[in-house]
1. Report the Cα centroid-to-centroid distance between segment 95-112 and segment 219-260 in angstrom, as an integer.
2. May I ask you to derive the relative contact order of the chain, considering only C-alpha pairs under 8 Å and at least 6 residues apart, and to give it as an integer percent?
3. Would you look at the GNM of the chain, springs on alpha carbons closer than 10 Å, and say which of GLU95, GLU167, GLU223 moves the most?
4. Taking the Cα centre of segment 83-238 as origin, work out the dipole magnitude from +1 charges on Lys and Arg Cβ and -1 charges on Asp and Glu Cβ, in debye rounded to 20.
5. Give the peptides 160-166, 88-94, 148-154 in descending order of average Cβ contacts within 10 Å, highest first.
6. What are the ³J(HN,Hα) values, in whole Hz, obtained from phi via the Karplus relation 6.51 cos²θ - 1.76 cosθ + 1.60 with θ = phi - 60°, for each residue of segment 144-159 in sequence order, with x given for Gly and Pro?
7. Tell me, in nm to one decimal, what length is gained between ALA120 and ARG172 on full extension, where the rule is 0.36 nm per residue of separation less the Cα-Cα distance?
8. Quick one: of LYS24/LYS45; LYS64/LYS98; LYS117/LYS190; LYS160/LYS189; LYS122/LYS160, which pairs are farther than 20 Å apart, Cα to Cα?
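Just so it is clear, none of the values below were taken in a lab; they were calculated from the coordinates. No experiment lies behind these values; they were computed from the predicted model shown. Counting neighbours? That spans all protein chains shown, and the Cβs are built from the backbone with ideal geometry, glycine included.
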Amino acid sequence: MRYKLATIFALATLFATTVSAEEKTIRVGVEGNYPPFSVVAPDGKLSGFDIDIANAICAQMKTKCEMVQQEWDGMIPALNANKFDMIVASMTINEKRKQVVDFSNPYYDVPSRWVSKQGAFKNWTPEELKGKTIIVLRNSPRADYVAANYPDSTVLAVDKEPAVYLELAAGRGDIAFGSSVVSAESFLKKPEGEGFAQVGETLFLGEGTDGGVGIAMRKGETELRENVNASLAALMAGGAYKTMAAKYFDFDVTPQSAKK
């Protein structure tokens, strides 16, 4: 009987350990088609700044990251359907999204830029772009900005940020509005970007925040959000954040709130 009790106890302990190990896996929603933030190699391996940040946060929390690829338009619905536990996919914090998800503190901040054929536009005012076709990422803060500020322009909304510039190069629009980093890295520095340039100054589109990009979690998951924020603070304080960022950017992407 003692042997049987000992065996039962051992099995129960093993089961509890297994459950505990499973609980330490964080499922992370990522896109994989947004260089240099997330990219999928031919062998299926994910890389990029978002991926590095997700892995570093999981390491800080002593958990394992399980990356789950998801199309951009379905990110928040998939999160709220429990497909994954948090989104690390360059999601800008804004008031509309805050109504349906909770965000971490910002983990980077990259401004927006206009892109067009060199010399095509002297400025980017609503008057200058009246009657012109603006290309922008669908369901994004930039799309909201264009809709609010350029009512007399035609908007061509696309599903992927890199496609913004492919449509521009194909002549399907007059000017594009997107990430200053993505426009430079995935378009202007490549052969297809020859003859195009960024127009005007950088723009920060923060709405109710410092303009940063955050990690999205389901509403009410306070413990996870606090752990993620503590992990981000540790990465930034210890220098690991700047080391990761330097792999991808030649300028400071630290969010404004972390500099205060």
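1. Their Cα centres are 13 Å away from one another.
2. 25 percent
3. Maximum among the listed residues: GLU223.
4. Taking the Cα centre of segment 83-238 as origin, the dipole is about 320 debye.
5. Sorting 160-166, 88-94, 148-154 by mean packing, highest first, produces 88-94, 160-166, 148-154.
6. Result, rounded to whole Hz: 5, 4, 5, 4, 7, 10, 10, x, 9, 9, 8, 10, 10, 9, 10, 8.
7. The span from ALA120 to ARG172 would gain 17.2 nm if fully extended.
8. LYS24/LYS45; LYS64/LYS98; LYS122/LYS160
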